[in-house]
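First comes the structure, then the notes that go with it.
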Amino acid sequence: MNEMDSQAHEAIRNTLATYNWCGDNGDYEGYLATFALNGVLDLKNIGTYDGRESIREGVTRAFGASPAQLERRRKAGGRFSHHVSSIRIELTSSTEARCWSYFAVAGPSGWDHWGRYTDRLALIEGRWLFTYRRVSVDGRSPGAVLYDPNSQ
């Protein structure tokens with residue numbers, strides 16, 4: 001791996017971390033800024049959202065806007081945090097990459113849900129941004145607070 005590839009890998013890891021850090025801390029503008037303007041967020045079994053405004057609406061609906069979701073979070077108390085591991089990055093050109101990783105979400109009562117990210121990114125104006133992100137939830141704890149496909 002040459003120096004340019006190493007820099008690209010590190011910048012892509014930073015995009016992955018920024019996506020989760022901003023999401024965990026309620027910085028939705030920062031979260032949206034990890035996507036290209038025409039980026040796609042594909043939430044398996046929930047929906048596909050094209051473009052930042054559609055992503056904003058979809059994420060608000062899927063992760064925290066419904067009365068049932070807000071009540072579950074209020075009752076759970078505490079903080080939730082995403083943990084990403086086994087990050088595999090494949091540069092397909094000097095300006096495009098594919099990435100795969102696992103995630104797990106911890107909350108006040110332990111692990112909430114876990115799964116996989118499948119990504120395509122592009123180098124746009126000096127930043128690696130998601131052009132496509134698929135979120136696949138593989139499992140959830142009984143009583144999961146952040147992921148309940150029945151409450152969407």
Please verify whether region 88-107 includes one or more residues that are out of contact with any Phe, Trp or Tyr (no Cβ under 8 Å at 6 or more places or on another chain) and under 16 Å from residue 141 (Cβ atoms).
no
If you go through region 58-67 one residue at a time, do you hit one that is under 25 Å from residue 124 (Cα atoms) and over 11 Å from the mean Cα position of the chain (by Cα)?
yes
Matching residues in region 43-79 - criterion: being at pLDDT 80 or above and exposed (fewer than 11 other Cβ atoms within 10 Å of the Cβ):
45, 79
Here the qualifying pairs (Cβ atoms under 9 Å; residues six or more apart or on different chains; first in region 122-142 and within 26 Å of residue 110 (Cα to Cα); second assigned to a strand (DSSP E or B) and polar (S, T, N, Q)) come out as 133/118; 134/48; 134/118; 135/118; 136/118
If a residue must be among the charged types (D, E, K, R) and in contact (Cβ under 8 Å) with a residue 60 or more places away in the chain, how many such residues does region 27-64 contain?
3
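Somewhere in region 86-100, is a residue buried (at least 18 other Cβ atoms within 10 Å of the Cβ), farther than 17 Å from residue 11 by Cα and either of a type in the set (Ser, Thr, Tyr) or at pLDDT 95 or above (or both)?
Initial filter on region 86-100 (buried (at least 18 other Cβ atoms within 10 Å of the Cβ)): 89, 91, 97, 99.
Applying the additional criterion that residues be farther than 17 Å from residue 11 by Cα yields none.
No: zero hits.
The values are calculated or read from the model by the stated rules, or taken from the named source; none is laboratory data. As the structure is a prediction and not an experimental result, all values here were calculated from the model. Cβ atoms come from the backbone with ideal geometry, glycine included; neighbour counts cover every protein chain shown.
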